[in-house]
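The values are calculated or read from the model by the stated rules, or taken from the named source; none is laboratory data. Just so we're clear, the structure is a prediction, and the values are computed from it rather than from any experiment. Neighbour counts are summed over all protein chains in view; Cβ atoms, including those assigned to glycine, are modelled from backbone coordinates with ideal geometry. SASA here: full protein model, heavy atoms, side chains in, ligands and nucleic acids out. Shrake-Rupley method; radii C 1.70, N 1.55, O 1.52, S 1.80 Å.
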Amino acid sequence: MTRARFGGGGARPAPRSLNELMGQALTMEREAVARYTELADMMETHNNLDVAALFRKMAGYEQLHVEQILADMGWAADVVVPRQSGVWGTPESPEVVPIEDMHYLMHPWHALQAALSAEQRAEAFFAEMAGTAADEAVRQAAEEMRREEAEHVALVLEWLAKVPQPDSDWSVDPDPPRHMD
Ligand code: ZN
């Protein structure tokens, strides 16, 4: 997949404070939870239960990340972080899997490829934040987040090693649904 990482050149604003960085991280992780959950629901609707289970698992990991950020910062679970414009360089935050990458017949291998790209974008995002951080505390926090995303990348790669790559005719449905939403 050759999706542009951050949608073209423009440098993104560097996080000016720990609050700002962790606020961005919280938004990003919440959006990752929401999207992985949405994809799991979507796959369940299509009775694609293996793929649904993988997305559900990823949502669980991202939820742990959300809770950890809240605990680290001493924030309430319903804290609202104002969204800064231009922070991602893309309409969606880096850790979400694009809806258009979904197919109701997709195999676990495809789901994991999509998750891999999302987790790699998240890792690259925090690497960039660490590189442009205003001070050492922000840099260290960004580096810690980057390390955790690298663990997600490693986890997805581990799963990928265990699932077969589908044949090229995987999207041919012998009994197509009458209508799709
Ligand atoms: Zn992650």
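For the stretch 137-171, backbone nitrogen atoms closer than 17 Å to the point 7 Å from residue 14 Cα along Cα-to-C-beta are found at 137-144. Going 7 Å from the Cα of residue 167 toward and past its Cβ, which residues in the stretch 91-110 have a backbone nitrogen under 18 Å from where you end up? 105-110, by backbone N distance to the label point.
Rolling a 1.4 Å probe across the protein heavy atoms gives the stretch 42-181 an accessible surface of 55 Å² per residue. For the stretch 60-163, applying the loop criterion from DSSP together with a ceiling of 13 other beta carbons within 10 Å to the trypsin sites (Lys or Arg not before Pro) yields 83, 162.
Sorting 29-35, 126-132 by average packing, meaning the other beta carbons within 10 Å per residue, from highest down gives 29-35, 126-132.
Placing dummy labels 7 Å off each Cα toward the beta-carbon, the span from residue 53 to residue 105 is 2.2 nm.
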